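Take a look at the structure set out below.
FYI, it's all coordinate maths here, none of it is from the lab. Small disclaimer: the values here were computed from a predicted structure and weren't measured. Using ideal geometry, Cβ is built from the backbone for each residue, glycine included, and neighbour counts are taken over all protein chains shown.
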Ligand SMILES: Cc1cc2nc3c(=O)[nH]c(=O)nc-3n(C[C@H](O)[C@H](O)[C@H](O)COP(=O)(O)O)c2cc1C
């Protein structure tokens, strides 16, 4: 169960990431101390068409609870129907609506970030999804399409439509990932609304989480890239926020612990895969786990060729 109004503050959650926050990644994040996971976006239209691949993306393990399923779409009736289908079939703890994805194939049909320019449609979508479920409904968006202060009006539209929580990535759609996330602007939006706000963008450490919360007075943080190859970041942030101290450098993940976590994640990934070479799709995670790691140079090339769990065990056996 999730109740955004009463959830312990500050909330620390895993952000939705397409192709990344699948069931295996969410399970490993949970085992390492992540409190709430947002699963990657799925298309409401594809859900309504009963597309098998899309429905499979919404399946999860009980260990991942509490879990928020994100949907994208621009037709209120289809968004409502998709919400009901996912609720009946999988019963996630909450729903989230994607209003921030900048990819052209998404915004081209008024999905994702394009909704920031469509306040009336935004409001209809939120109301339709709210009417379709008794679970909490949140929205994830950016600061604006082209101007970072667009969020000041957009946050009010989202609140008035009845959303239970708003996550804001501190960049505009036009910025993509350029520049720095503007936490000050998220803080200004927070002052204008009463619905809970999660701060998102450029939180790569416990120190950054503390600073982002200080600047914004937000209700919590949502971590995306900072968790890739680094799923223990949630425990580091929770500890730092509850002790009001920085992370203890003695608790830095050593190379043997890293290898054990990588193997555990790889096994979960392989269990879910229907592929004969299940770790081909795990190489992207390996690239994150070993990015900038001293001593990883020697194994990097082999890591990028793994196909099975035993290939990976062989490469990592000397590191454990
Ligand atoms: C690989 C990848 C996939 C993403 N997929 C989604 C998605 O499905 N839904 C969404 O709302 N945001 C998605 N995002 C955006 C992130 O949730 C987040 O808003 C953004 O990366 C900024 O946060 P960060 O600085 O912590 O990475 C994705 C980001 C990445 C890097």
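Remark: relative contact order (the chain) = 15 percent; criterion is Cα-Cα distance under 8 angstrom and separation of 6 or more residues.
The antiparallel fraction among DSSP beta bridges confined to the chain stands at about 0%. Across segment 255-319, C-alpha contacts under 8 Å between residues 6 or more apart give a mean separation that, scaled by the residue count, equals a relative contact order of 41 percent. Compared with the dominant principal axis of the Cα atoms in the chain, helix 255-272 is inclined by about 60°.
If each residue's Cβ is checked for other Cβ atoms within 10 Å, how do 149, 96, 219 rank with the fewest at the top? Lowest count first: 149, 219, 96. The long axis of helix 150-161 is offset from the longest Cα principal axis of the chain by roughly 70 degrees.
Remark: the chain is approximated by an ellipsoid whose semi-axes, taken from the C-alpha gyration tensor as √(5λ), come to 32, 24, 17 Å, largest first.
Translational D (Stokes-Einstein, µm²/s) of segment 255-319 at 20 °C and 1.002 mPa s when Rh comes from the Kirkwood sum over C-alpha pairs? D = 183 µm²/s.
Dividing the summed -39500 (n - 2.57) terms of all DSSP H runs of n ≥ 4 by the residue count of the chain sets its mean residue ellipticity at 222 nm at -12500 deg cm²/dmol. Listed by Cβ neighbour count within 10 Å, with the fewest neighbours leading, 1, 79, 20 appear as 1, 20, 79.
Distance between the C-alpha centres of segment 132-175 and segment 250-320: 36 Å, rounded to the whole angstrom. Between the alpha-carbon centres of segment 1-71 and segment 182-209 there is a gap of 21 Å. Against the chain, whose longest principal axis is taken from its Cα atoms, helix 76-90 shows a tilt of about 40°. Expressed in Å, the radius of gyration and Dmax of the Cα atoms of segment 168-313 are 18.2, 54. Exposure proxy for 289, 177: other Cβ atoms within 10 Å of each Cβ, ordered fewest to most, give 177, 289.
Given axes a ≥ b ≥ c from the Cα gyration tensor, I'd like to know whether segment 65-192 is rounded (a/c under 1.5), prolate (a/b larger than b/c) or oblate. Here segment 65-192 falls in the prolate category.
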